[in-house]
Each structure stands twice: as structure tokens, then as C-alpha cells.
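Chemist: Okay, here's the structure, questions in a sec.
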Amino acid sequence: MILSASDLRKYYGEFCALDGVSFQINEGEFVSIIGPNGAGKTTLINVLTGLLTPNTGKVFYKDREITGIGPEKLSKLGVARSFQLVNIFPNFTVLEFLMVAIVSRLGKGTNFYSSLLRNQEVTGEALEVAKLFGLEEKKNVLAKNLPQGDKKLLDVASAFALQPEVILLDEPTSGVSTSEKNKIMEILVSASKEIGIKSIIQVEHDMDIVFSFSDRIIAMHQGKILADATPQEIEKNEEVVCTVLGQKECFKIFSTLLKR
Amino acid sequence: MKADNLTLKTLEPKNTSVSFKKTKTWAILAIALFFIILPRLGSQYVSYLILTFFGYAVALLGFNLLFGYTGLLSFGHALFLAMGAYTVAFFTSKFSIFPMEIILLVAIVVSAILAALIGAVCVQYIKIYFAMLTLAFGMLFYSFLIKFYYVTGGDEGMRVLRPYLLGYELSAIPKMQFLMGGYYYYALVVLTIATWVMWKIVSSPFGLCLMAIRDNPEKATYLGVDVKRYRWYAFIISGAYSAVGGVLLAPVIGQVDPTLTYWTHSGTLVFMTLLGGFTNFLGPMLGGLIYIFLQDKVMSLTTYWRFIFGAILAFLVIVAPGGVAGVISSLVKKGRRGI
């Protein structure tokens, strides 16, 4: 077990966003969190990464309690995340962007007096990460001038550059065309192997991606976990398919099941 | 140019041709040479204004580390400038300690400590709240200087006696000769060192982190950057720089008084920076230079110089938010594309 949550509850005023959520993530797992809008998925990610403190409940990372520890400390422990909406440094080039993560991981941020560009270690590693994500040709392009898919990829790449053990991805392919989605996912999986990331947790709406990449799926509805099982089991769970995925997905999945 | 597209970059421009780099080196050498021979060329008055500029230039380097690089607008930065100037006044006229090097060192240490204390509070906030807090601290210091008149001389301030430069006592020679001779070059050397050190700071990994914080503090946090701590470091460096500027300025003006830390003086630093352009490393200094000469000219023409400066500021913000440096660099870019 690498990351676990026990009985998380989070209220926004009267509204209960997380209602007793518990689960465990094991080393080597690719876990997808699914659920309709407002199910509490992003709140869960925010609580897991310590941005939000839950009203009750605890989060553990390798036997160490990390509830509400905050993103900056968490990144140093080995947990990183990416964002649902594009979250970039608009005026940074791709390479500079990645350098921020590498400088921070190497603990060189308080290096006041050495030239960044002459630092082979930092520039070299940034280039490596850019290559992994197929961004090396755009290394000198400003982040704000990248196409949407590349912005998304850069956001994820910077989290990978921290070389975390666990990474949480909040809809890594949202706002990206369908044809690009699979490409991004494949890059993510191969890059995580290359970098040595042990577990991936992602929130995702695209069911094709969820079912083809996940080892396990956690289905949420109204702040609760409805089901926590393998994709094969989830597919057969009618309640989950219809309440969580909604009418359209419900129809889609059943029609594919019928075709088989 | 849209205002929200403005930003400061430090890393070397890409695909810079060798000829452009050579031009740059020559330009820097030419500027240095100009400042070196200036007191021998023109009028004493021009050199005197340039000497004032040297002081402001150092202060502006510090100011823009916070504003241009970290994204924090301090509206009380004159506090640190006044700190530096009062340090010279205290040391020379109260303690009879004259060596300039000691005064500089003490000013750096004292202002860094003060900036650490004030900064610890201020960096908890951003945007307008940060600006207002720094303004409040500046005005607090102003009240202190006024009320504790038996220590500070109140609104009359204190005299600044002539400091020793590199151990040389230069009190026998006339004032203008002292300023145009040894002191001019002393200040020029301090400014050169300060500029060089600041350039190293902004092109270091620390500088990169500051710009990351400016662009997107939330993302920076997730990449493991301790945002508040780094803002605090920037605040301290910035305060110390402004104090050094104040130290350089004090012997030139010869008398320190509380208006040095009044909020309009902080506003002057903001104005200079906007005039020259905060999106360029040298921009604020250029702004300081233009401001000093423009103010001198306009003040001699009319008593309504503030009115004219207000109009200039409004014009700048609307038409050229990148300041003079922004206009120049866009012209250079156009020119290079044209070749």
C-alpha cells in the first residue's frame, strides 16, 4: 500500500462533497476515479494532495500521515499532481517550465548566484523530460503559445519531472481532441515507466480511456464510493454503469457488451 | 502591446546571432565609457544629476526584483531608501564614523533585518493588500522619524557629513569637486557591482523560481516551490538594495529628512519603473535616468510639474505599458526582422 484514505469527509457549508471515503492504492497500480459532475472527484484529489484539509478522516502515504500537509511539502515526499484546467506558467518556455520542477527537486531553488543556463544537470534533465513527452522540438516555445493538447501535456510533464512515486492526474485529457487523447495516455504510461513512478491515480470522464488503461476503477457518486473494482467487474455492475456514467455511457457500454 | 502580455525574461534570447551579442557587448562598453568620461565632458550640473541617478538606480534594481520578477508591487519601498540615507546621516554626524565601506555594510545588515521583519508580515498577502501593507510600513517609519525628533531631528532631518572613501578623508576639497571626483566614481563602481550581482541573482535558479511564483503561484507550490519563503527572500534582497541606493544618495543631497520615506517618494520609485519599463532588466534604471532629467527640465519650466508627470504616467500606461525599454526593444525586434 502506497497511498490510503480513511473515512474522509469534506463539507462546503451544508454541502457534503466527500461522505466517508476510504480506499487504498497499491504500488504499481493505475487507478481511475470516475463519477458524474459533482461526485467529489476533484475534491478528493485536492484532499489527497493536501490542498484541502478534510473535516474528518486521514490520508496516509507509506504509513506517514499527510492529511492537509500542503502541496509543497507533499511534492518533496514524492506525490505530485496535474490539474483539470490548464495550469501553466504562461510566459515560460517549455524548457524553463520543466526546469522549475527540476530545480525544486534537486533543492537548488535557494541557489542565488549560479547561472541557470550553465547548469548542465538542470538543463539536461529538463531536456530529457521534454523528450519523454515529445516536446523537445518545442522546447523554446512559450507555454501560452502551445496548442491546448501540448499545454496539458506540459502541465503533466512538469509533475513527472519531480520524479514522484505517486502521481494524481485530474482529467489529463480533458479539453483535448479524441484523436489526441490516446496519444497523451500512451505517452503518460511510457513516461511513468521511464521515470519510475509507482502508482498513477487519475480522474477521467472518457470511458474508453478509463477502461483501456486502468487496473482498478473507483466509482463515486454524491461524495460516496459506489464501487471499487477491476474494469471487468465495473462493466458488469449495472448500478454503477447507469448511475455513475449517465444515460449516454450507459447506452454505449451496454451496446458494446451486446455486440460481444 | 497588451498590458497582460508583458513579462520579464532573463534567460538569454534564443537564436541570438553572434553579431547581436557583439553589438550588446559594445553597447554596454559604450555606456560604461560614457559614464566614466562624463564628469570630464559636460557641465557639473549634468554630472550631479547623474550622481543622483546612481543612487536611484541601485534602489530600482531592488524594487524591480520584487515587482518585475516576483510580481509584488511595494508601495513603501522608499522606507528602505530612507533607512540607507539615515544610516549615513547617523554614522557621520552622530557617531563620527566616516568610512563609507562600514556605512554601506551596516546599512545592508540593518535594512536586511528590518526587511526580514516587515517582509515576514507583508509576504503573507499579495496584490493590493501587499501594496497597502508596504505603504503602511513606509508611513509608520515616516511618523517615527517625525515624532522621535530628539533622535532623528524630526521634520528638519539630519545633516550628512562627508564620508571617507576607501579610507581617504576628503573633507578639505570643495563639495562639487568631491562629488564629481572621487565620489562619482565610487558610486559608479557600487552601481556596477550591484547591477552585476542582481543580474546573477535573476539568472540563477532562485530567479527562475521567483518568476514562476509571479506567473502562477499555485502551480509553483505544486512543483515544490515554497512560495512565501521565496517572496520573503526577494523582499529582503530588495530592501537591502534600496538601502544601498539610499546610502549613495545621502552625500549627494547632503541632508536627510522624513520626506525620503513619504509615500509619494515610494510612488516615485513606481513611476520610474513604469516609465522605463519593468519588463526589462535595465528598464527601471532607464526610467530613473529619464525621470531625473525630465523632472529637472519640467520643474524649471513650470510649478505644475506634477500635473505634467501625471499626464505622462497616464499616457504610458495606456499607450506603452512596457515603458521606454519596451518601446525600444520592440523597435529593435522590428529592425532585426527587417534585416
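Chemist: With (1) touching a Leu at 6+ places or on another chain (Cβ under 8 Å); (2) free of Cβ contacts under 8 Å to residues at least 40 places away in the same chain; (3) more than 12 Å from chain B (Cβ to nearest Cβ) as the list, and A:Gly70 as the residue in question, which single condition is left unmet?
Modeler: (3)
Chemist: Please enumerate the residues belonging to the stretch A:89-118 that are more than 7 Å from every other protein chain (Cβ to nearest Cβ) and either hydrophobic (A, V, I, L, M, F, W, C) or more than 15 Å from A:Ala157 (Cβ to Cβ) (or both).
Modeler: Scanning the stretch A:89-118 gives A:Val94, A:Leu95, A:Phe97, A:Leu98, A:Ile102, A:Leu106, A:Gly107, A:Arg118.
Chemist: Continuing with the same structure: What residue, of B:Leu249, B:Leu274, B:Leu223, is out of contact with any His (no Cβ under 6 Å at 6 or more places or on another chain), among the hydrophobic types (A, V, I, L, M, F, W, C) and surrounded by fewer than 24 Cβ atoms within 10 Å (Cβ to Cβ)?
Modeler: On the way: B:Leu249 fails: surrounded by fewer than 24 Cβ atoms within 10 Å (Cβ to Cβ); B:Leu223 fails: surrounded by fewer than 24 Cβ atoms within 10 Å (Cβ to Cβ).
It is B:Leu274.
Chemist: For the stretch B:212-250: of the residues being in contact with a Lys or Arg (Cβ under 7 Å, 6 or more places away or on another chain) and within 7 Å of chain A (Cβ to nearest Cβ), which is farthest from B:Leu104 (Cα to Cα)?
Modeler: Initially, the stretch B:212-250 is screened for residues in contact with a Lys or Arg (Cβ under 7 Å, 6 or more places away or on another chain), giving B:213, B:222, B:224.
If we keep only those that are within 7 Å of chain A (Cβ to nearest Cβ) as well, we get B:222, B:224.
Numbers: B:Tyr222: 39, B:Gly224: 35 Å.
Ranking the qualifying residues of the stretch B:212-250, first place goes to B:Tyr222.
Chemist: Could you check, for the stretch B:23-38, whether at least one of its residues is aliphatic (A, V, I, L, M) and closer than 30 Å to B:Val227 by Cα?
Modeler: Step one: list which residues in the stretch B:23-38 are aliphatic (A, V, I, L, M), which gives B:27-33, B:36-38.
Still in the running and closer than 30 Å to B:Val227 by Cα: none.
Checked against the condition, which is being aliphatic (A, V, I, L, M) and closer than 30 Å to B:Val227 by Cα, the stretch B:23-38 yields no hits at all.
Chemist: Is the stretch B:45-54 home to any residue that is over 27 Å from B:Val202 (Cα atoms) and not in a helix (DSSP H, G or I)?
Modeler: Initial filter on the stretch B:45-54 (over 27 Å from B:Val202 (Cα atoms)): B:45-49.
Now drop any that are not not in a helix (DSSP H, G or I), which leaves none.
Scanning the stretch B:45-54, I find no residue that is over 27 Å from B:Val202 (Cα atoms) and not in a helix (DSSP H, G or I), so the answer is no.
Chemist: Within 11 Å of chain B (Cβ to nearest Cβ), farther than 13 Å from A:Ser82 by Cβ and among the acidic types (Asp, Glu): which single residue out of A:Glu121, A:Glu125 fits that description?
Modeler: Values: A:Glu125 fails: within 11 Å of chain B (Cβ to nearest Cβ).
Result of the check over A:Glu121, A:Glu125: A:Glu121.
Chemist: Of these, A:Ala5, A:Ala17, which one is buried (at least 24 other Cβ atoms within 10 Å of the Cβ) and not in a helix (DSSP H, G or I)? Can you show your working first?
Modeler: On the way: A:Ala5 fails: buried (at least 24 other Cβ atoms within 10 Å of the Cβ).
Criteria check complete, one pass: A:Ala17.
Chemist: Which of the helices (runs of 4 or more DSSP H) found entirely inside the stretch B:143-217 contain at least 2 residues meeting this: buried (at least 21 other Cβ atoms within 10 Å of the Cβ)?
Modeler: Working: elements: B:149-152, B:175-178, B:184-202, B:205-215.
Once the helices (runs of 4 or more DSSP H) in the stretch B:143-217 are filtered for at least 2 residues that are buried (at least 21 other Cβ atoms within 10 Å of the Cβ), what remains is B:184-202, B:205-215.
Chemist: Taking A:Glu171 and the conditions (1) crowded, with 20+ Cβ neighbours inside 10 Å; (2) more than 25 Å from A:Phe211 (Cβ to Cβ); (3) of a type outside the set (A, V, I, L, M), which numbered condition does it fall short on, given that it satisfies the others?
Modeler: Answer for A:Glu171: the failing condition is (2).
Chemist: Here's a follow-up. Restricting to the stretch B:179-211, what's the tally of residues that are farther than 29 Å from A:Thr93 by Cα and either touching a helix residue (DSSP H, G or I) at 6+ places or on another chain (Cβ under 9 Å) or within 14 Å of chain A (Cβ to nearest Cβ) (or both)?
Modeler: To start, the set of residues in the stretch B:179-211 that are farther than 29 Å from A:Thr93 by Cα comprises B:179-193.
From what is left, the residues that are either touching a helix residue (DSSP H, G or I) at 6+ places or on another chain (Cβ under 9 Å) or within 14 Å of chain A (Cβ to nearest Cβ) (or both) are B:179-181, B:183-188, B:190-193.
The number of residues fulfilling the criteria is 13.
Chemist: Take B:Met176 and decide whether it is touching a residue at least 40 places away in the same chain (Cβ under 8 Å), closer than 29 Å to A:Leu106 by Cβ, hydrophobic (A, V, I, L, M, F, W, C) and more than 8 Å from chain A (Cβ to nearest Cβ). Talk me through it step by step, then tell me what you get.
Modeler: On the way: touching a residue at least 40 places away in the same chain (Cβ under 8 Å): yes; closer than 29 Å to A:Leu106 by Cβ: no; hydrophobic (A, V, I, L, M, F, W, C): yes; more than 8 Å from chain A (Cβ to nearest Cβ): yes.
In short, no.
Chemist: Taking the condition over 18 Å from B:Gly246 (Cβ atoms), free of Cβ contacts under 8 Å to residues at least 24 places away in the same chain and part of a loop (DSSP other than H, G, I, E, B), does B:Tyr125 pass?
Modeler: On the way: over 18 Å from B:Gly246 (Cβ atoms): yes; free of Cβ contacts under 8 Å to residues at least 24 places away in the same chain: yes; part of a loop (DSSP other than H, G, I, E, B): yes.
The answer is yes for B:Tyr125.
Quick note: the coordinates plus some simple rules give every number you see, no bench work behind them. All of these numbers come straight from a predicted model, not from anything done at the bench. For neighbour counting, all protein chains shown are included, and Cβ atoms are generated from backbone atoms with ideal geometry for every residue, glycine included.
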